[in-house]
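Here is the structure we will look at.
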Amino acid sequence: VQLQASGGGLVQAGGSLRLSCAASGRTFSTYTMGWFRQAPGKEREFVAAITWSGRSTYYPDSVKGRFTISRDNAENTVSLEMNSLKPEDTAVYYCAASQSSLAITHSSAYIYWGLGTLVTVSS
């Protein structure tokens with residue numbers, strides 16, 4: 001599976017962005033998909049995940065209520081809608097694919113990664 005994230009950019013605090021991740025491969029619908037982010041000098045952190053069916057989603061408290069992950073298995077895409085953005089959301093955002101439904105908040109569960117897209121939130 002090859003993943004390509006897009007949609008990053010510069011936005012003011014309180015604004016919104018929508019990230020998209022396009023996946024290649026006919027087995028996209030079987031993967032759990034996740035979004036992670038990494039800010040300069042910090043470790044990569046979990047942002048959101050969605051199971052293969054789209055029925056279950058997961059978020060850390062830091063983004064819960066502001067970010068929404070969704071997927072379209074017919075189009076092989078996963079999206080991350082980000083609202084009420086804060087300067088601390090500034091990071092490179094990565095989409096990733098996992099064959100597991102366990103421990104999906106951990107980056108080690110993911111075997112395919114996109115290159116990332118930069119999100120910068122100004123105060």
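The values are calculated or read from the model by the stated rules, or taken from the named source; none is laboratory data. Quantities reported herein were computed from a predicted structural model and do not represent experimental measurements. Neighbour counts run over all protein chains shown; Cβ positions are idealised from the backbone, glycine included. These area figures cover heavy atoms from the full protein model, side chains too; ligands, DNA and RNA do not enter into them. Shrake-Rupley method; radii C 1.70, N 1.55, O 1.52, S 1.80 Å.
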(Q) Which residue is farthest from the chain's Cα centre (by Cα), if the candidates are limited to region 82-123 and must be assigned to a strand (DSSP E or B) and of a type in the set (Phe, Trp, Tyr)? (A) Tyr112
Q.
Out of Ser100, Ser84, Ser79, Ser123, I need the residue that is among the hydroxyl-bearing types (Ser, Thr, Tyr), within 21 Å of Val11 (Cα to Cα) and touching a helix residue (DSSP H, G or I) at 6+ places or on another chain (Cβ under 7 Å). Which one?
A. Ser123
Q) Do you know which of the residues in region 82-104 that are open to solvent by 50 Å² or more (accessible area, probe 1.4 Å) and either among the small types (Gly, Ala, Ser) or modelled with pLDDT of 95 or more (or both) is nearest to Tyr31 (Cα to Cα)? A) Ser101
